[in-house]
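Coordinate-derived values only; no laboratory data. The structure presented is a predicted model; accordingly, all values stated were derived computationally and were not measured. Positions of Cβ are backbone-derived with ideal geometry, glycine not excepted, and every protein chain shown enters the neighbour counts.
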């Protein structure tokens, strides 16, 4: 599953990281050429001010995934 978000600032990165750490499935952020584990805080700061894709495996409940993405923005 993939959803696009815009990452505006450092506080949003921290929020995304916190949500990903609390999620029972793996979550990644992709900028198109770069794929980062959302549980790894340091790398996520490279995405500030950019659009990114929230990525999870296809066998995840779509409603749970959408709820997670909605909390990230």
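DSSP finds beta bridges in the chain, and of those with both partners inside it, around 100 percent are antiparallel.
Here the contact order of the chain, divided by its residue count and restricted to Cα pairs under 8 Å and six or more residues apart, works out to 45 percent. When the P(r) is computed for the stretch 22-67, the part past 15 Å accounts for 44% of the Cα-Cα pairs. With each label modelled as a point 7 angstrom along the Cα→C-beta vector, the residue 46-residue 70 pair spans 3.2 nm. Sorting 29-41, 58-70 by average packing, meaning the other beta carbons within 10 Å per residue, from highest down gives 29-41, 58-70. Against the longest alpha carbon principal axis of the chain, how many degrees, from 0 to 90 and to the nearest 10, is the axis of helix 10-22 turned? Value to nearest ten degrees: 30. Measure nothing but the geometry: give the 0 to 90° angle between the long axis through the Cα atoms of 62-72 and the longest principal axis through the Cα atoms of the chain, rounded to 10°. Value to nearest ten degrees: 20.
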